[in-house]
Amino acid sequence: MTVGIPSVDRSVEACLLLDFYGSLLTERVRRLLSLHYEEDLSYGEIAEQTGTSRQAVHDGVSRGLSQLLAYEAKLGLAARFGAQRAQVEAALRAIAEGRADEAAAELRRLLDALEG
């Protein structure tokens, strides 16, 4: 699983995808993913909280994560966000290092990408 943001672990990546595409999921699946990835609960803890089996939680989380990955594969919003974030960070580094022309060029590229 990768959305184009370096050094992001699986849970953080799942949370990012949930932020971008969570509203496209059913309430039940969104809740299961939130409890597992955002609240860091185990399948057993979620099963106890929701009154379902551990297997049902596992299946729901797996299915939900697959849906999020499919949305990202088609739409690429999280990857685009990662690329834009990297451009902003590069511009900030250039500013901090006194390379204003380079920073301005990076920001112009970002603006062009946002408009295009």
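Structure notes:
- Residues of segment 84-116 satisfying the condition of being of a type in the set (G, A, S) and surrounded by 15 or more Cβ atoms within 10 Å (Cβ to Cβ): A86, A90, A91, A94, A103
- Members of segment 31-52 that are closer than 16 Å to S11 by Cβ and either assigned to a helix (DSSP H, G or I) or not assigned by TED's automatic domain parsing to the domain that holds E13 (or both): L32, L33, S34, L35, H36, Y37, E38, Y43, E45, I46
- Residue within segment 53-65 that is at pLDDT 95 or above, surrounded by 13 or more Cβ atoms within 10 Å (Cβ to Cβ) and outside any helix (DSSP H, G or I) present: no
The values are calculated or read from the model by the stated rules, or taken from the named source; none is laboratory data. These numbers come from a predicted model, not from an experiment. Neighbour counts are summed over all protein chains in view; Cβ atoms, including those assigned to glycine, are modelled from backbone coordinates with ideal geometry.
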